[in-house]
Amino acid sequence: MRRYLRFWLAFRRETRGAAAVEMALVTALLAYPVLNVADLGMYAYQSMQVSNAAQAGARAAWSACNVSTDWPATANCGASGATLTSSVSGTAGVQSTSLGSNVTLASGYPKEGYYCATTTNALTLAPGPAVSAGSTPTKSADCSAVANAALTTAVPGDYVSVSVTSTYTPLFTGVQTVAALLPSPITSTAWQRMN
């Protein structure tokens, strides 16, 4: 028994390797926050790229249909046989960011409609529903039928909205990070006034 007691006392006094054990414990405690920061950073980056893709799609709609003969864009836009949807969803549109083909046009988009500005600078759909690609929106003569319209005599503006989605995959599989709890797919919508 004394032999075991001497061994135990010698073991407790020994300090060689203590720094390595402490480093291993501290590294294990710091690894999880570092993984979270990296994953949150990638989620934020992808979220910004999805927002950029929606804006690029809206700009592509305007670029393809920027003359009055092309309005309403869902019915008349598209040089050389291209449609508004193909102009918006291509590599000059929503797939022009670093995410490329990982960004897709949401179902039913692009949408077009005639909108009036309210007194709070919000857009309100003028009488007649917004329409999906391929349908022609109807235009009212003025904004008098819109509640709280900023100018009831104003002519409604032709707007195209583009909504995109991209699925986020966490960087680290098997590790539950904060970014894995955030919404996925990431969606973003952008608007472009055509006239």
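Residues of the stretch 170-188 that are touching a helix residue (DSSP H, G or I) at 6+ places or on another chain (Cβ under 7 Å), under 30 Å from Leu123 (Cβ atoms) and crowded, with 16+ Cβ neighbours inside 10 Å: Ile186, Ser188. Scanning the stretch 1-53 for residues that are modelled with pLDDT under 80 and within 23 Å of Leu171 (Cα to Cα) yields a count of 0.
Taking residues in the stretch 122-151 that are more than 23 Å from Gly108 (Cβ to Cβ), and partners anywhere that are modelled with pLDDT of 70 or more and acidic (Asp, Glu), the pairs with Cβ atoms closer than 9 Å and at least 6 places apart or on different chains are Ala149/Asp142; Leu151/Asp142. Among the residues of the stretch 167-195, those that are hydrophobic (A, V, I, L, M, F, W, C) and touching a residue at least 24 places away in the same chain (Cβ under 8 Å) comprise Leu171, Phe172, Val175, Val178, Ala179, Ala180, Leu182, Ile186, Ala190, Trp191, Met194. Within the stretch 21-49, residues that are without any contact (Cβ under 8 Å) to a residue 12 or more places away in the chain have Cβ atoms under 9 Å from residues that are in a helix (DSSP H, G or I) and not basic (Lys, Arg) in these pairs: Gly41/Ala179; Ala44/Ala179, counting only partners at least 6 apart in sequence or on another chain.
The values are calculated or read from the model by the stated rules, or taken from the named source; none is laboratory data. Because the structure is predicted, anything quoted here is derived from the model rather than measured. Here Cβ is always computed from backbone atoms with ideal geometry, including for glycine, and neighbour counts include all displayed protein chains.
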